[in-house]
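Written below as C-alpha cells is the structure these notes are about.
The values are calculated or read from the model by the stated rules, or taken from the named source; none is laboratory data. As the structure is a computational prediction, the values presented were derived from the model and not from experiment. So basically every Cβ, Gly included, is an ideal-geometry build from the backbone, and we count neighbours across all protein chains shown.
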Amino acid sequence: MHRHPPPAMGVLGVLVLVLSCQEAAAFLVHVASSCPLAANGSALAFGFTLIFNKNPLVCYNPDARHFVPCDWGLLHGVAGLVATFLNNDTAWVQRAEDRRQACRDLATHFWASTALRRTPPQVRIVPVPLPNTPNAVLLTCHVWGFYPPEVTVLWLHNGDMVATGDTTKLLPNGDWTYQTQVTLMVTAKAGDTFTCSVQHASLDRSLQEDWGPGLSLGLMVKVVMAAVIMTLGLVVFAAGTFIYCRQAPGPGPGPGPGPGSCPGPGPGSGPSPGPGPHPGPSVATCDHAVTKL
C-alpha cells in the first residue's frame, strides 16, 4: 500500500528544494493559528499562517478557503510556490478548516475561565533606607498575581492620599496574571503610618498594606534595658515566693493529753496494798470526760 508523506513533510520538502537553489542557510518553519475574540467571547476572525524564520510566508483565506502568499519581500516568489502546493493538497485546507471550527467551538468554553476570571492581587511594601539622608526611606509597593490587568495603586500617609513616585508599567507574569509596583520617597517620623492601597475588580474593598518607621537606636536600647530589668525582677520575685512556700512551719507548744490518752503514774506513786494474800501492782484507770463544743 502506498503511503503519502505527512503534509508538513511535503511543505518542508518544497521549501528545501526552492531555498537550496538560492543558497539559503538554516531555516525554521512553523504553523500558527489565532482566534481574535469579541468582548462577549464570540470569534471575530480566524488566522492560519505558515511562518518561515519568524516571518509570515503563506496565509489562509477562510472566506475563499485557499492559501495566499503574505510575504511581499524577497520570498514572495517562494511564498507563491508554497501556496500553490498547499492549495493542491486538500489535507492542508481541511487542517485549516478544522482549526477554524475548533476556534468557534472552544472560544465560548474557555472565555469564562480565562478572560472573565478574577484573580485578586497580593501586596508587599519593601522599605529601603536612603544613605546620607536622615530618616529618608524609599518605599516600594509591589503588587502581583492579579487579573484582569486593570489596577489602581495609591499611597496614603496617616490616612490621607499623597502623590506617588515612579510607577512601573504593567508587566505580564506568563500565567495570565500581571504585576506592577509604585514607589514613594518619605521622611519617616515616629508614629507615621504609610499605606499602600490597591483597588481591583476582584476585591470587594481596597486591599491595604501598612508600614511605619521602627524605633530609633537610643529608644531601642532603653526598651531593651527596661525589659531586662523587668525580667530580672520577676525572676527574683518568683524565686522568693517559691522558697517561702517550701519552708515547713516551726515547732509549737506541745499539746496536752488528748482524748484517748492516759497519763502514766506520777512520781511517788507505787503499788497500793490491796487485800489478798498476794498483793499485785495496782492498775491505774483513767476516766476521760469529753466535752463537745
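Give region 117-139 a look and list any residue that's free of Cβ contacts under 8 Å to residues at least 60 places away in the same chain and either of a type in the set (Lys, Arg) or part of a loop (DSSP other than H, G, I, E, B) (or both), or say none.
If we filter region 117-139 for residues that are free of Cβ contacts under 8 Å to residues at least 60 places away in the same chain, which is where we start, we get 117, 122, 126, 128-134, 136, 138.
Across region 117-139, the qualifying residues are ARG117, LEU130, PRO131, ASN132, THR133, PRO134.
I need the strands (runs of 3 or more DSSP E) fully contained in region 1-93, keeping only those with at least 3 residues that are modelled with pLDDT of 85 or more and farther than 30 Å from THR114 by Cα.
Result: 66-69.
When you scan region 172-191, do you find a residue that is in contact with a His (Cβ under 8 Å, 6 or more places away or on another chain), buried (at least 16 other Cβ atoms within 10 Å of the Cβ), touching a residue at least 60 places away in the same chain (Cβ under 8 Å) and among the hydrophobic types (A, V, I, L, M, F, W, C), even just one?
no
Considering (1) over 21 Å from the mean Cα position of the chain (by Cα); (2) at positive phi, say which one VAL137 fails and leave the rest.
(2)
Sort out which residues of region 93-132 are closer than 19 Å to ALA32 by Cβ and crowded, with 16+ Cβ neighbours inside 10 Å, and write them in order of number.
Of everything in region 93-132, those that are closer than 19 Å to ALA32 by Cβ and crowded, with 16+ Cβ neighbours inside 10 Å turn out to be VAL93, ARG95, ALA96, ARG99, ARG100, CYS103, ALA107.
On the given criteria, is LEU75 closer than 14 Å to VAL31 by Cα and buried (at least 16 other Cβ atoms within 10 Å of the Cβ)?
no
Output yes when any residue across region 149-170 is at pLDDT below 95, in a strand (DSSP E or B), touching an Asp or Glu at 6+ places or on another chain (Cβ under 6 Å) and among the hydroxyl-bearing types (Ser, Thr, Tyr), and no when none is.
no
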